[in-house]
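Laboratory data are not the source of any read-out in this text; all were calculated from the coordinates shown. Because the structure is a prediction, the values reported are computed rather than measured. Glycine also receives a Cβ, built like all others from the backbone with ideal geometry; neighbour counts cover every protein chain displayed.
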Amino acid sequence: MFLPFLRNNGYDVRVEESTDVYADADEMTGTDLVVQCVTMSSITSEQLSGLSAAVVAGTGFTGWHGGIADSFRASSDYLHLVGGQFATHPGKEPCERQGDETDNFLPHVVSVTDLGREHPITAGIEDFDLHTEQYWVLHDDLIDVLATTTHPVRPWQPWHRPATSPAVWTRRWGAGRIVVTTPGHSLDVLQEPNVRTVIERGMLWATRTASES
């Protein structure tokens with residue numbers, strides 16, 4: 001659904017079916033933005049080195065949900081690049097579960113941070129409600145958090161106080177910009193106006209030409 005947006009904004013879009021392109025230095029050097037949609041999977045050291053080098057040199061890197069925040073779980077170097085990793089999405093009360101993906105759909109709020117209210121990706125966006133997977137993210141402190149979501153204490157869960165996770169963050173890495181948006185499990189979530197706006201603005205902000213301005 002984002003291909004028309006990119007093309008309308010002047011991007012020459014190329015769709016790849018594997019991460020092999022990351023190891024192609026010539027191709028990556030000419031790439032201004034990578035929009036990754038790879039959940040779990042694996043990545044070779046050559047591919048990751050190519051991606052990392054491109055980002056350090058100025059290529060933008062972005063994505064949403066598991067396509068960027070739950071990629072290449074076995075790669076600590078990928079986690080180091082992105083700055084945060086999906087850990088879990090807490091589920092409904094056991095008695096309400098039906099054995100399908102909706103077991104993990106919970107109503108929750110995405111709250112824009114003070115930084116987010118001033119950032120071009122999230123400026124003008126108010127806190128908003130979603131009913132979908134609520135990502136619990138493990139992260140370092142070199143990310144700039146634009147929005148958060150809080151996992152409340154629930155009787156059937158083991159934690160003892162609310163836990164707040166980043167829902168949207170950016171990261172400067174060398175000359176490159178990284179943007180991660182954790183909502184986006186399904187098309188209806190991506191079509192939610194706030195989610196869609198954040199992703200689209202994130203693409204523009206992360207792009208090499210934006211980072212050079």
- [ ] Please build a GNM for the chain, connecting alpha carbons under 10 Å apart, and tell me which residue among Q36, Q191, Q134 fluctuates the most.
- [x] Q191
- [ ] State the percent of C-alpha pairs, over all pairs in the stretch 7-109, separated by a distance greater than 20 angstrom.
- [x] 47
Task: Segments 6-14, 181-189 sorted - mean Cβ within 10 Å per residue, highest first - done: 181-189, 6-14
- [ ] Order the peptides 77-83, 121-127, 174-180, 151-157 from the highest to the lowest mean number of other Cβ atoms within 10 Å of their residues.
- [x] 174-180, 77-83, 121-127, 151-157
Open item on the list: Less than 15 Å Cβ to Cβ from P193, Lys/Arg counted +1 and Asp/Glu -1: what total charge do the surrounding residues give?
Closed with: -4
TODO: From zero up to wherever the largest Cα-Cα distance of the stretch 90-178 sits, split into 10 Å bins and tell me the percent of pairs in each.
DONE: 15, 40, 29, 13, 2
TODO: Between V15, V145, V35, find the one with the highest GNM mean-square fluctuation for the chain; connect C-alpha pairs within less than 10 Å.
DONE: V15
- [ ] Along each of the three principal axes of the Cα atoms of the chain, give the extent in whole Å, ordering the values from largest to smallest.
- [x] 54, 38, 31
Task: Length added when fully stretched, D100-L142, from 0.36 nm per residue minus Cα-Cα - done: 11.6 nm
